[in-house]
Amino acid sequence: MEVFVAALTIFVLALFVGFEVITKVPPLLHTPLMSGANAISGITLVGTLVTAGVQLTTFTTILGFLAVAMATANVVGGFLVTHRMLEMFRRKD
Amino acid sequence: MSPELIDLFYLIAAVLFIFGLKGLSHPRTAVRGNLLGSAGMLLAIVVTLLDRRIVSFEVIVAGIVVGALVGVILAYKVSMTSMPQVVAVFNGFGGGASALAVGAALEEALRGGFVEEISVQFTVAAALSALIGGVSFTGSAVAFGKLQGLVNDKPILIAGRHVLNVALAMICLGLSVWLVLDGTSSLSFWILAGVASLLGIMLVIPIGGADMPVVIALLNSYSGVAAAGHGWVLNNTVLIIAGSLVGAAGFILTALMCRAMNRSLVNVMFAGVGANVATIEESEDIYAGRVKAASAEEVAMLLQDARRVIIVPGYGMAVAQAQFVVQDLAELLESKGVEVDFAIHPVAGRMPGHMNVLLAEANIPYQKLKDMDEINPAFRQTDVVLVIGANDVVNPLARESDPSIPIAGMPILDVDQARSVVIVKRSLSPGFSGIANPLFAADNALMLFGDAKQVAMDLMTAVKEVA
């Protein structure tokens, strides 16, 4: 129960931080915000790494491989495409 | 590494994510912000790899190499017009990955005989991942298909779909309960993932192309909530914090998009707006004998004499790939001392902020891209408004409160208050909402028929000749 409440506290406080930070992003940058946030949600990669480490059968090895590959594509592609867009906004500054 | 040390590194990663998003509050700091965010991600991944006694490193390395390759290729090959598809694909990957990872963990625990490891926490996380992962994977796939033109982007309305969706949702709920109560078989997990995938298709297929900004934002917030839920049950702080940040971003953007169309989320998701197209007689009533068509030369004269011009770009302009020529036209006018700005409606394009990216790609300085609230008071002092490929967002019918009008109450760009409005469009056909636009028949309005790119080029030539 203690752990549950601690996690809940972190979750709620992080939501507040999220709302504060994200409402300050101008509409101009909403697309990069979305692709950047999407890349951050690829943090599930951390979870997949834990499970992909131990392979007992071919089936779970395949599952683990697919999970790591998809999560990596999400993270790498997400940050790169965001970078590409932001560079376009910067070069006219 | 001790668990405390790992958690400290995770804390640093979370702080980097927050600074990263904070950097996006201005174009000047945005690039640095994105780099900070990616540094946070790298840190979290490296720490995780070092921490766990990872048995088969090869599979992880192979997965990372293949995934990174796919990510890099997609990120650099894609055109800015297809940005919503790409975000949808990445989003689907994220959702799919979390479902597969949890599935793998469940199978390992069952086959390896560690059934005692399957706690209630574990099964709750598994059910959540299967559900959200399944819905966001197929939902994103359908969104991709619609945006890419592989699936009809008109709403596809299946008879009895509400009943079917409720039934699917109930089945998902039942399967989740089964999985939580009985963690000794993975069958419930895989059926749940399958039914959730079907639900994802059913939820997105009745939604039309122009409502995609809402869908993309919503799917994004799902993936954030999924990550947070995942972290909650694994008691992993960086997952919780990152997930709630992303959930908040997706949620705020969903709400903004709905407000920009004056529609509730329920209406966007379930009403199937755009499926019915207005009857022709009705439009003929509004337009009869009052629509004035102009030539490029006439419009060039107007532009030549103007002191202030506002360009209103719509998705039609992007489809015609006219943004580069439009930028050349804007520069030409500015060289003649005309003040030119761009008015961006919040739902212009196929995802939040999409139009800004398309125009930035065409080298238009971001200072010239004005959002709706900023530019609306300026139309009164504007000589010529050039509407290129936009329709519903400048339709004065939106000001009516008649509920039979699909766009009633939607905030619009007040272009009709300018001295003259020139609408560049291929025909008088209605926009996404399927209703006629009385602006086309207004006294101060001129229609300039043709393909956006061709018209912009004709205008360039004509403006040069007038001089």
Looking only at the range A:44-86, count how many residues are modelled with pLDDT of 90 or more and not aliphatic (A, V, I, L, M). 8
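Okay, residues lined up against (1) aromatic (Phe, Trp, Tyr); (2) more than 12 Å from chain A (Cβ to nearest Cβ); (3) part of a helix (DSSP H, G or I); (4) touching a residue at least 60 places away in the same chain (Cβ under 8 Å):
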site: B:ALA196; (1), (2), (3), (4): no, yes, yes, yes
site: B:ILE201; (1), (2), (3), (4): no, yes, yes, yes
site: B:PRO206; (1), (2), (3), (4): no, yes, no, yes
site: B:LEU218; (1), (2), (3), (4): no, no, yes, no
site: B:TYR222; (1), (2), (3), (4): yes, no, yes, yes
site: B:ALA226; (1), (2), (3), (4): no, no, yes, yes
site: B:LEU239; (1), (2), (3), (4): no, no, yes, no
site: B:SER244; (1), (2), (3), (4): no, no, yes, no
site: B:ILE252; (1), (2), (3), (4): no, no, yes, no
Kindly provide the set of residues from the range A:59-93 that are outside any helix (DSSP H, G or I) and either under 15 Å from B:MET80 (Cα atoms) or within 7 Å of chain B (Cβ to nearest Cβ) (or both), ordered by number. A:LYS92, A:ASP93
Residue pairs, Cβ under 8 Å, 6 or more apart or interchain, first in the range B:341-354 and part of a loop (DSSP other than H, G, I, E, B), second surrounded by fewer than 24 Cβ atoms within 10 Å (Cβ to Cβ) and among the acidic types (Asp, Glu). List them. B:PRO346/B:ASP371
Filtered residues of the range B:1-19 (kept if at pLDDT 90 or above and more than 7 Å from every other protein chain (Cβ to nearest Cβ)): B:LEU8, B:PHE9, B:TYR10, B:LEU11, B:ILE12, B:ALA13, B:ALA14, B:VAL15, B:LEU16, B:PHE19
Given (1) out of contact with any His (no Cβ under 9 Å at 6 or more places or on another chain); (2) surrounded by 20 or more Cβ atoms within 10 Å (Cβ to Cβ), B:GLU400 misses just (2)
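So that you can scan it fast, the table gives a plain yes or no per residue for (1) at pLDDT below 85; (2) in contact with a Gly (Cβ under 6 Å, 6 or more places away or on another chain); (3) surrounded by fewer than 21 Cβ atoms within 10 Å (Cβ to Cβ):
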position: B:VAL394; (1), (2), (3): no, no, no
position: B:ARG426; (1), (2), (3): no, no, yes
position: B:GLY431; (1), (2), (3): yes, no, no
position: B:PHE440; (1), (2), (3): no, no, no
position: B:ALA456; (1), (2), (3): no, no, no
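Would you mind stating whether B:ASN235 is surrounded by fewer than 18 Cβ atoms within 10 Å (Cβ to Cβ) and within 9 Å of chain A (Cβ to nearest Cβ)?
Working: surrounded by fewer than 18 Cβ atoms within 10 Å (Cβ to Cβ): yes; within 9 Å of chain A (Cβ to nearest Cβ): yes.
So B:ASN235 passes the test.
Just checking, which of B:ILE252, B:ILE344, B:ILE310, B:ILE241 is farther than 29 Å from B:LEU397 by Cα, modelled with pLDDT of 85 or more and of a type outside the set (Gly, Ala, Ser)?
Values: B:ILE252 fails: farther than 29 Å from B:LEU397 by Cα; B:ILE344 fails: farther than 29 Å from B:LEU397 by Cα; B:ILE310 fails: farther than 29 Å from B:LEU397 by Cα.
After applying the criteria, what remains is B:ILE241.
Among the residues of the range B:301-328, which ones are assigned to a helix (DSSP H, G or I) and either of a type outside the set (A, V, I, L, M, F, W, C) or surrounded by 23 or more Cβ atoms within 10 Å (Cβ to Cβ) (or both)? Working first, answer last.
Start the filter on the range B:301-328 by keeping residues that are assigned to a helix (DSSP H, G or I), which leaves B:301-305, B:315-319, B:323-328.
Within the range B:301-328, B:LEU303, B:GLN304, B:ASP305, B:TYR315, B:GLY316, B:MET317, B:ALA318, B:GLN323, B:VAL326, B:GLN327, B:ASP328 meet the criteria.
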Taking the range B:353-379, which residues are within 18 Å of the chain's Cα centre (by Cα) and of a type in the set (S, T, N, Q)? B:ASN356
Which residue, of B:ALA130, B:ALA75, B:ALA105, is over 13 Å from A:ALA71 (Cα atoms), of a type in the set (A, V, I, L, M, F, W, C), in contact with a helix residue (DSSP H, G or I) (Cβ under 6 Å, 6 or more places away or on another chain) and touching a residue at least 60 places away in the same chain (Cβ under 8 Å)? B:ALA130
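Evaluate the range B:314-328: report whether one residue or more is small (Gly, Ala, Ser), farther than 27 Å from B:VAL347 by Cα, in contact (Cβ under 8 Å) with a residue 60 or more places away in the chain and in the same structural domain as B:ALA390 (by TED's automatic domain parsing).
Going residue by residue through the range B:314-328, those that are small (Gly, Ala, Ser) are B:314, B:316, B:318, B:320, B:322.
Next cut, farther than 27 Å from B:VAL347 by Cα only: none.
No, the range B:314-328 contains no residue that is small (Gly, Ala, Ser), farther than 27 Å from B:VAL347 by Cα, in contact (Cβ under 8 Å) with a residue 60 or more places away in the chain and in the same structural domain as B:ALA390 (by TED's automatic domain parsing).
State whether the residues of the range B:147-160 include one that is more than 14 Å from chain A (Cβ to nearest Cβ) and either buried (at least 24 other Cβ atoms within 10 Å of the Cβ) or outside any loop (DSSP other than H, G, I, E, B) (or both).
Looking only at the range B:147-160, we keep the residues that are more than 14 Å from chain A (Cβ to nearest Cβ), and these are B:148-160.
Filter once more, keeping what is either buried (at least 24 other Cβ atoms within 10 Å of the Cβ) or outside any loop (DSSP other than H, G, I, E, B) (or both): B:148.
Within the range B:147-160, one or more residues are more than 14 Å from chain A (Cβ to nearest Cβ) and either buried (at least 24 other Cβ atoms within 10 Å of the Cβ) or outside any loop (DSSP other than H, G, I, E, B) (or both).
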Could you list, ordered by first residue, the pairs with Cβ atoms under 6 Å in which the first is in the range B:422-444 and at positive phi and in the same structural domain as B:VAL312 (by TED's automatic domain parsing) and the second is modelled with pLDDT under 90 and surrounded by fewer than 19 Cβ atoms within 10 Å (Cβ to Cβ), at least 6 apart or interchain? B:GLY434/B:ASN276; B:GLY434/B:VAL277; B:GLY434/B:ALA278
Failed condition for B:PHE57, given (1) among the aromatic types (Phe, Trp, Tyr); (2) more than 28 Å from B:MET355 (Cα to Cα); (3) crowded, with 17+ Cβ neighbours inside 10 Å: (3)
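Residue by residue, here is whether (1) surrounded by 19 or more Cβ atoms within 10 Å (Cβ to Cβ); (2) away from chain A (no Cβ under 12 Å); (3) of a type in the set (Asp, Glu) holds:
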| position | (1), (2), (3) |
| --- | --- |
| B:GLY94 | yes, no, no |
| B:LEU100 | yes, no, no |
| B:GLN121 | no, no, no |
| B:GLY139 | yes, yes, no |
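Only strands (runs of 3 or more DSSP E) wholly contained in the range B:380-467 count here; list those with 3 or more residues that are over 29 Å from the mean Cα position of the chain (by Cα). It would help to see each step written out before you state the result.
Values: elements: B:384-388, B:420-425, B:445-449.
Correct list: B:445-449.
Suppose the filter is surrounded by fewer than 24 Cβ atoms within 10 Å (Cβ to Cβ), in contact with an Asp or Glu (Cβ under 9 Å, 6 or more places away or on another chain) and on the phi > 0 side of the Ramachandran plot; does B:GLY409 pass it?
Details: surrounded by fewer than 24 Cβ atoms within 10 Å (Cβ to Cβ): yes; in contact with an Asp or Glu (Cβ under 9 Å, 6 or more places away or on another chain): yes; on the phi > 0 side of the Ramachandran plot: yes.
Yes, satisfied.
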Tabulated pairs, the range A:1-26, first more than 7 Å from every other protein chain (Cβ to nearest Cβ) and within 17 Å of B:VAL124 (Cβ to Cβ), second of a type outside the set (Gly, Ala, Ser) and part of a helix (DSSP H, G or I), C-beta under 8 angstrom, 6+ apart or interchain: A:LEU8/B:TRP232
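The values are calculated or read from the model by the stated rules, or taken from the named source; none is laboratory data. Bear in mind that the values here come from a model prediction, so they are computed numbers and not experimental data. Here the Cβ is made from the backbone with ideal geometry for all residues, glycine too, and neighbour counts use every protein chain on show.
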